[in-house]
Amino acid sequence: MARFLLYRLLGGFRERLWPMPSCGLDIRKFWDSKDHVQKLILALNHPEPSTPVRAAWLLGKTKDPRAVDALVDLITEGKERYIVRAAINALTEMNTAKAREVLATLLDHRDRTVRILVKRILEERPDTSGQTFRT
């Protein structure tokens, strides 16, 4: 009986969510139209603080260049220090020319801890051609 009620409750709930009552957007079609990386990029702006950190970590592991601009935005917004650090670490994991260029620009960041972290990364992490950054 409880399983039936839960099924009916969830079934009715799903029916009311598609499309969204406030704007008419079919959220199911919208979400299904996004690939894994696009969903992670959207998760960078999630209000729950650990979600952007996890999303940044996963984007760093995927090394998809589409994420660089979103990670840069996350750094420039600089809401929380640990979110900024996660975005910097993701760019470091990507280790692409564009990601390294962005990291080099962060040597002038307003936050001292960001400057120190980036300087250490650029000195220690070799680029894809085997060179090591020296600042």
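The values are calculated or read from the model by the stated rules, or taken from the named source; none is laboratory data. Computed from a predicted structure; not experimentally measured. Neighbour counts run over all protein chains shown; Cβ positions are idealised from the backbone, glycine included.
Residues being at negative phi, part of a loop (DSSP other than H, G, I, E, B) and at pLDDT below 85 are represented in segment 69-86 by at least one member. Checking each residue of segment 43-58 against the condition of being surrounded by 12 or more Cβ atoms within 10 Å (Cβ to Cβ), part of a helix (DSSP H, G or I), at pLDDT 90 or above and among the charged types (D, E, K, R) gives at least one match. Determine whether segment 113-121 contains at least one residue that is exposed (fewer than 12 other Cβ atoms within 10 Å of the Cβ) and either among the aromatic types (Phe, Trp, Tyr) or not in a helix (DSSP H, G or I) (or both). No, there is no match, as no residue in segment 113-121 is exposed (fewer than 12 other Cβ atoms within 10 Å of the Cβ) and either among the aromatic types (Phe, Trp, Tyr) or not in a helix (DSSP H, G or I) (or both). Residues that are surrounded by 14 or more Cβ atoms within 10 Å (Cβ to Cβ) and assigned to a helix (DSSP H, G or I) within segment 93-103 comprise Glu93, Met94, Ala99, Arg100, Val102, Leu103, listed in sequence order. A single member of Glu123, Glu93 is among the acidic types (Asp, Glu) and at pLDDT 90 or above, and it is Glu93. Only one residue in Val37, Val68 is closer than 19 Å to Leu122 by Cα, among the β-branched types (Val, Ile, Thr) and within 11 Å of the chain's Cα centre (by Cα), so which one is that? Result of the check over Val37, Val68: Val68.
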